[in-house]
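The values are calculated or read from the model by the stated rules, or taken from the named source; none is laboratory data. For clarity, every value in this text was computed on a predicted model and none was experimentally measured. Glycine also receives a Cβ, built like all others from the backbone with ideal geometry; neighbour counts cover every protein chain displayed. All accessible areas refer to the heavy atoms of the entire protein, side chains included, with ligands and DNA or RNA removed. Shrake-Rupley method; radii C 1.70, N 1.55, O 1.52, S 1.80 Å.
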Amino acid sequence: MATILPSDPLVQRVLACAVTRAILVCVDGLASYVTAFPQGFRQPIRTGRRGRQRLVLPAGFQLAQVVKHSARRYVVGITRRVVHGTLAGIEAVLTATATGTVINTAYIERLNATFRAHLAPLARRGRAIARTEAALTAGMWLVGTACNFCWPHDSLRLLAPPGAPSKWLQRTPAMAAGLTDHGWTLNQLLRFQIPLPRWVPPKRRGRPPKHPTIKAAA
C-alpha cells in the first residue's frame, strides 16, 4: 500500500480549492488518507518564541472515513467512523450542504464513474491505454470542465414554475454555484478565452549592472 505524504498532490489540490480549512473531508478505506489530510491541513501556532512552531488542526476541520468490506467482489458491510471531529458536527455539515444524512463518499465515486465512462484509458478491464501522462491529464481536465459547465445533473434540477414548457429546470454544477446563468456547449467551452496572468518581471540575481559613466566634454 502506497504511503501518502503531506506534500501529496491530492492534499495540496484540496487545499488550493478550499476557501477555508474548516471543512469536512470524507475518505475511503485507504489508511494513508487518515494521516495525509491531518498533516496537510495543520497550521502553525505563532507564539513569538524561538524554536519550532507547534502545528495544530484548524477549528472546524473534520475527517470521516468509510470502509467497505467485500467478499467475492460483493460489498457485505460498511463501517463509518469519525477520525477528527464529532458525529453530530459531521451530520450537521451533511445536512446543511444537502450531501446526505450519513458519512459517505458517493459524490467522488460518482465523479470517478463519470471519468471512467468518458475516458477509455480509465475504464476497468479495458484494452485502451494512455500513451503519455500529458494526454491523460488533458482528457481529465476536459471531462471535468464539461461535467461542471456543460452537462446538467438531475440532482441539481429545480421544479419549474407553473406554465413552463417542462416540469424541471435543468442546471449544471456551474449554474448551481452561481458561476454562470446557462449551460454551456462544448464549442463555447473550447473557445472561451482565459485572460493571461499579469506579467511579473523575474527577480534579478547577482550584482547589479554597472551603468556606463558619461564624461562631459572638456
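Numbers for the structure displayed
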{"item": "Aspartates and glutamates with Cα under 20 Å of LYS68, excluding same-chain neighbours fewer than 8 positions away", "result": "ASP28, GLU91, GLU109"}
{"item": "Packing-based order for 52-58, 128-134, using average beta carbon neighbours within 10 Å, highest first", "result": "52-58, 128-134"}
{"item": "HN-Hα J in Hz across the range 52-57 - Karplus 6.51, -1.76, 1.60, θ = phi - 60°, x for Gly and Pro", "result": "6, 7, 7, 9, 9, 6"}
{"item": "Burial order of peptide ranges 102-109, 156-163 (average beta-carbon count within 10 Å, highest first)", "result": "102-109, 156-163"}
{"item": "Segment GLN188-ALA22, length gained on full extension (0.36 nm per residue, minus Cα span)", "result": "56.2 nm"}
{"item": "Extended-chain gain in nm, criterion 0.36 nm per residue less alpha-carbon gap, ALA128 and ASP181", "result": "15.4 nm"}
{"item": "Förster radius 35 Å - calculated FRET efficiency between SER32 and ALA71, Cβ distance, rounded to 0.05", "result": "0.90"}
{"item": "Correct option for mean projected area of the Cα convex hull in nm² [calculated from the coordinates] among (i) 12.1; (ii) 13.3; (iii) 26.0", "result": "(iii)"}
{"item": "Inter-label distance, nm, simple model (7 Å from Cα along the C-beta direction), VAL200/LEU159", "result": "5.0"}
{"item": "Gain in span if fully extended, ARG207 to ALA98, counting 0.36 nm per residue against the direct Cα distance", "result": "33.4 nm"}
{"item": "Protein accessible area in the range 1-129, 1.4 Å probe - carbon and sulfur %", "result": "55"}
{"item": "Helical contribution to [θ] at 222 nm, DSSP H n ≥ 4, -39,500 (n - 2.57), averaged over the chain, rounded to 500", "result": "-9500 deg cm²/dmol"}
{"item": "Folded to 0 to 90 degrees: helix 31-41 orientation relative to the chain principal axis, Cα", "result": "40"}
{"item": "The range 121-157-the range 42-83 distance, computed between alpha-carbon centres (Å)", "result": "28"}
